[in-house]
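Beneath this line is the structure, given in structure tokens, with notes to follow.
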Amino acid sequence: MVKINRVKLLKLILLLVLTSTTLFSSISILKKAELKKGELRLTFNQAYKKRAITITTLKNPTRKIFDIKNARLQNSSIGSNLNSIHCSSIRVSQFKRDTVRIVLEVDKSYNCQPYRPMLAYSSYHIPLPKFRSVKKSIYSRKPKKTTRVKQIKYKNIPFIVPAKGTNKNTIVIDAGHGGHDPGAVGGRKREKDLVLQISKKLKKELLKRGYRVYMTRSDDRFLELTQRTKIADKKNAIVFISIHANSVPKRKRNRVNGIETYFLSNAKDAKSQRIAARENRSVLKGAGSKLSKEVIVDSVLNGPKIVESNKLAVVVQSRIMTNVHTMYKDVKSNGVKHAGFYVLAGASRPSILIEVGYISHPKERKRLFQSKYQRLISKGIAEGINIYLNNRKKEIEL
Ligand SMILES: [Zn+2]
């Protein structure tokens, strides 16, 4: 009898252990990420394991990385509205299939002490740094009716408090494709060569204007998506510019031409998605099978950068057109569009992708390979970046 009981007891314990492990190891869904009382507050659908969260620190700029294992974002808009005066930026993304990553760009002195509130097993609170900038007065003041408009405007600008030493005005230029990936081809001309030529001219234009410039590639080599965006992260670029050229199938080649600028967004309209698919084909090969499309799209949806990218795209497109029209009256503007280009994934800065023209269009192709034409395009892009950054500076200083 005693023996049987013991066996039963052991079985029961084993069962309990097994159930609790399965309960805990199931995926937690991050339902909410909100800013409240100077804290970033996360709410999961269930209790999570404390040790599922690892915190690491990265330097230049200082970033606190929270990796939450066995977790998923409920949807891509989670964390998309986080724009705090406490941090330079807050990013929430589906880092891996089973890992949610939160990145806080903070001041070096930030002492990070996150906690799980008592009896709230599905919550996780991260107290944000105390806000200690001259800008504080604007915020700590009770909003007066007359200042309200200003505040809203202010709120929409990312990088409100650039961490010390991070705002060196570095711009990263990304010449698309390269190496084994020629990009679009028309009349035996290759996109990879064209975009490199334009990127080099753009670099010169930006250097003239006092910017520091890095190119993701300055010769004919292939780079994976992760390498391209990593360079922008590593150099802590304030702006990321990707240069591409467009093309359409033969039967349409004489009809479709013009210049268009894309800003990072969740690709919704069919045409943007098709172009995104083409641009991403090569990128996806290298991106690793683990990353599903949703994951990549999620990771780029980090809120106000979309607004900033849109602003940048508008002014760049407009300056390109103004410049090319000085000598080439008939160049068509296809305007500013949005697309979920993977090349912009993970971009934590205003990022745009410029399709400088259609390499498939015989007349446009000829121009695209002319130095004179390339210089006008580059000058337009540089002017656009310059105007955008000056505007932003004014807004921040207001
Ligand atoms: Zn391309």
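Just so you know, all these numbers are worked out from the coordinates, no wet-lab data involved. None of the values given here were measured: they were computed from a predicted structure. So basically every Cβ, Gly included, is an ideal-geometry build from the backbone, and we count neighbours across all protein chains shown.
Cβ neighbours within 10 Å, averaged per peptide: list 49-59, 368-378 in order, most packed at the top.
Ranking, from highest mean packing down: 368-378, 49-59.
Taking 21 Å as the cut-off for C-alpha to C-alpha distance, list the pairs among K108/K234; K252/K332; K108/K393; K203/K332; K201/K366 that go past it.
Numbers: K108/K234 17 Å; K252/K332 16 Å; K108/K393 23 Å; K203/K332 24 Å; K201/K366 18 Å.
Long pairs (Cα-Cα over 21 Å): K108/K393; K203/K332.
For a quick protection proxy, order the peptides 233-241, 384-392 by their average other-Cβ count within 10 Å, most packed first. Write out the running numbers ahead of the final one.
Values: 233-241: 21.7, 384-392: 18.4.
Ranking, from highest mean packing down: 233-241, 384-392.
For H177, H325, H125, what's the fewest-to-most ordering of other Cβ within 10 Å of each Cβ?
By the 10 Å Cβ count, ascending, the order reads H325, H125, H177.
On a 31 Å Cα-Cα criterion, which of the cross-link pairs K59/K394; K31/K59; K130/K379; K204/K363 come out too long?
Over 31 Å Cα-Cα: K130/K379.
Quick check on packing: order 188-198, 217-227 by the mean number of other C-beta atoms within 10 Å, highest mean leading.
Put in order of decreasing packing, that is 188-198, 217-227.
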